[in-house]
Amino acid sequence: MKSCFKYQRPSRKTGIRPMSMYLVPGIGILTAILLTVLLTNSVNFHMDHNIALYESQNFHFNISLKENHILAIDRKQIKKERTRVVVFIPSPLEAAGKRARVQQQFRRENWSRSDAVMIFVIGSKTGKYLEQSINTTSVLKEDGDFYISDCRDYGDEVDNVNGTSSTTCKVYEAIKYIHSNYEADYVWRGADDAYLNLRFFFAHLAEFPPNRLWLGSQRHWHFDNDPIQLKHQPALSQLFGLEQFPHNYMLGMGYAFSWDLVVHIATWHIPPHQTWCEDVMVGMWLNPFRINKVSRPDIMRNRGHIDKGNKQTLLLVHYILPQDWESIDQNGDIVIN
């Protein structure tokens, strides 16, 4: 059967051209203009349900939505961002107030992105098997940088070998994310209820090994009633073949990795177990390796272990209260009342 359409060679006399000859170059020019805008400017796009989609100089974000739920955030890397330290903070969705105070202090210290970048890590799943998605769109209205992970958003999941504990998963996923998108000297795992004094950290770097560094405050052993004993978690005891977890790990108040340790964890081809409490599990991941564990409880303290009313110069203060943030001065010193 003959086609109803017959190709006609363009006439030199009339200048008639097939429509495609105009469309293809036009689309190419439009694409080039759009790419130029995206690569040189920060642009806010809006999708259904008032979800902001962000374009920056370094990255392109795509947000997949369904009925107000973020299904995925695809971040296409244009180039890695270089900085001295990346601070990531695992935080549950409901802790917006805590994140706001941490972010406000970070803004107040006026760090350039070449010195410090801070990222909040949120989970998008719940359920025993992580089978349920949760609505995480509210974080897009907050100030700061966010990574929306496929982790459980909240909970340590006692004796559950099927899912993941929230913070444990967030730490592992954040390390991989940072490795893929940044180049840094150090990575800090912070907390939404802790003040990390980066000025102190930069000023005292010479005190710490530059490589294979795991800096934090190591846990103390409590014997009989210690929760790291596995007599109350038989499923995990069977999974790991242990009667108790090792106690030589850095507490979850906060800790730092040198970049080579970040690369080490991020490039594992088989993921580690992410069950139960994050600080315990990170210790399980790293104990077999020759790592420089530096414990500094003298400069990393819980709020209740600090003298009241006196100015303190510390690297990290955990369990900080809302009123404590206002006492931090321009040098990072803090007064607990």
Restricting attention to the range 155-184, the residues that are of a type in the set (Phe, Trp, Tyr) and more than 16 Å from Met281 (Cα to Cα) number exactly 2
If you scan the range 99-132, which residues turn out to be surrounded by fewer than 17 Cβ atoms within 10 Å (Cβ to Cβ) and among the small types (Gly, Ala, Ser)? Ala100, Ser112, Ser114, Gly127
Are any residues in the range 284-320 in a loop (DSSP other than H, G, I, E, B), in contact (Cβ under 8 Å) with a residue 60 or more places away in the chain and over 22 Å from Ile175 (Cα atoms), and if so, which ones? Arg296, Pro297, Ile299, Thr313, Leu314, Tyr319, Ile320
Go through the residues of the range 221-230 one by one and say whether even a single one is surrounded by 13 or more Cβ atoms within 10 Å (Cβ to Cβ), more than 21 Å from the chain's Cα centre (by Cα) and of a type in the set (Val, Ile, Thr). yes
Across the range 231-275, which residue is farthest from Val171 (Cα to Cα) among those that are more than 18 Å from the chain's Cα centre (by Cα) and part of a strand (DSSP E or B)? Gln244
Return a yes/no flag: does the range 207-219 have any residue that is among the hydroxyl-bearing types (Ser, Thr, Tyr) and either more than 27 Å from Ala116 (Cβ to Cβ) or without any contact (Cβ under 8 Å) to a residue 40 or more places away in the chain (or both). no
Of all residues in the range 192-206 being assigned to a helix (DSSP H, G or I) and hydrophobic (A, V, I, L, M, F, W, C), which is nearest to Lys98 (Cα to Cα)? Leu198
Tell me, which residue of the range 239-283 that is among the aromatic types (Phe, Trp, Tyr) and in contact (Cβ under 8 Å) with a residue 40 or more places away in the chain is nearest to Leu314 (Cα to Cα)? Tyr255
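Where a number appears in this text, it was derived from the coordinates with a stated rule and is not lab data. In this text, all values refer to a predicted model and were calculated from it rather than measured experimentally. When we count neighbours, we look across all protein chains shown, and the Cβ atoms used for this are built from the backbone with ideal geometry, even at glycine.
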